[in-house]
Amino acid sequence: MTRQPTLKQLKYLCAVAEHGHFGNAAKACHVSQSTLSAGILELEETLGASLVERNNRQVILTGLGSDIVQRAQSILLDVEDLVALCDASSAPFSGKMRLGVIPTIAPYILPGLLKRLRKEHPDFQLFIREDLSGHLVDSLQHGELDVLLLALPYPADKVETMHLFDDDFVFACPRNHRLAKGGDLSTSELRSQELLLLEDGHCLRDHALEACKLKEADVEIPYQATSLNTIVQMVANGIGVTLLPRMALNARILSGTEVETRAFKERNVSRSIGLMWRKKTPRRAEFTLLGKFIAEQCEN
């Protein structure tokens, strides 16, 4: 009987292709480097072809190796969907689910959401990964996550999205700032302001500018932060102004600070919060129920 590749061998090869390094790939697969190397050698022997070029500095896939990786990724995703099909056959919220969430949503939604899920669905096992949108989408495409909670739109192939609710942006500034007082603010008043934003990679940065119809050239950006909490402290110390999502205000991110906020006159100065999952997943119905559950939680 002709020997066939194992799923474990294909997983090792895909990990090497992703990380370009045997050591890092082994860590990602939670095995020793020697185990991973042996697995790929066995795969090459089984297929009767060289898939990886090895040298002291880097790992390079052969032309055939690159083709095999593409097919292996598809096979591994199909296996993930096969397992998901079995999970989908059981009652909703009774099995396991791997959820990816971006940092500008996680701390403001997850505490209340997890508390309610544990109370109403005690058998439901929700595993959560917090990361930037780009990393989460990559993990979704590789079958490492089942569904994402993020700000939309975000470019991705072969996915479906579900809009849950709009999260308004609010202007925040020091108490002694010239824009601290008055009624609703016009987005045009932000031009030439020293606007504190999250660093590149955080989609909140792009969505905030887009919602206010601004380009980076329209404002001064004196500082780029890695978290909204850092930005709030910078604003409180008079270093600039910022745009905060309403959900962060509702979670009392400004508690203990002397930061003033103003809403905007224009409509739709907001970001869309939603779910994203792979098109081929058989768990679409369960993800839709999760989306409705999250939307209801955020309305309360």
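Answer yes or no as to whether Ser188 is surrounded by 15 or more Cβ atoms within 10 Å (Cβ to Cβ), of a type in the set (Ser, Thr, Tyr) and either touching a helix residue (DSSP H, G or I) at 6+ places or on another chain (Cβ under 8 Å) or not in a loop (DSSP other than H, G, I, E, B) (or both). Taking the combined requirement at face value, the residue does not satisfy it.
The residues of the stretch 151-189 that are of a type in the set (A, V, I, L, M, F, W, C) and closer than 17 Å to Arg246 by Cβ, listed by number, are Ala151, Leu152, Leu164, Phe165, Phe169, Val170, Phe171, Ala172, Cys173, Leu185. Close Cβ contacts (under 9 Å, 6 or more residues apart or on different chains) running from residues in the stretch 202-216 that are touching a residue at least 40 places away in the same chain (Cβ under 8 Å) to residues that are open to solvent by 20 Å² or more (accessible area, probe 1.4 Å) and of a type in the set (Val, Ile, Thr) comprise His202/Thr226. Every test in (1) in a loop (DSSP other than H, G, I, E, B); (2) open to solvent by 20 Å² or more (accessible area, probe 1.4 Å) is passed by Glu210 save one, and that test is (1). Selection over the stretch 102-154 of residues that are assigned to a helix (DSSP H, G or I) and among the charged types (D, E, K, R) gives a count of 6.
Restricted to the stretch 128-160, and to residues that are touching a residue at least 40 places away in the same chain (Cβ under 8 Å) and hydroxyl-bearing (Ser, Thr, Tyr), which residue is least open to solvent (accessible area, probe 1.4 Å)? Explain how you work it out, then say what you get.
To start, the set of residues in the stretch 128-160 that are touching a residue at least 40 places away in the same chain (Cβ under 8 Å) comprises 132-134, 137, 140-154, 156, 158-160.
Now restrict to residues that are hydroxyl-bearing (Ser, Thr, Tyr): 133, 154.
Working: Ser133: 2, Tyr154: 71 Å².
This residue is Ser133.
Looking across the stretch 90-127 at every residue that is under 24 Å from Cys203 (Cα atoms) and aromatic (Phe, Trp, Tyr), the one that is surrounded by the most Cβ atoms within 10 Å (Cβ to Cβ) is identified as Tyr108. When you check Ser50 against the structure, is it assigned to a loop (DSSP other than H, G, I, E, B) and either polar (S, T, N, Q) or in contact (Cβ under 8 Å) with a residue 60 or more places away in the chain (or both), yes or no? It is true that Ser50 is assigned to a loop (DSSP other than H, G, I, E, B) and either polar (S, T, N, Q) or in contact (Cβ under 8 Å) with a residue 60 or more places away in the chain (or both).
Consider the stretch 161-185 and keep the residues that are among the charged types (D, E, K, R) and farther than 16 Å from Cys203 by Cβ. The one that is most open to solvent (accessible area, probe 1.4 Å) is Arg178.
The values are calculated or read from the model by the stated rules, or taken from the named source; none is laboratory data. The model shown is predicted, which means the values in this text are computed figures rather than measured ones. Positions of Cβ are backbone-derived with ideal geometry, glycine not excepted, and every protein chain shown enters the neighbour counts. The accessibility values were calculated without ligands, DNA or RNA, using every heavy atom of the protein model including side chains. Shrake-Rupley method; radii C 1.70, N 1.55, O 1.52, S 1.80 Å.
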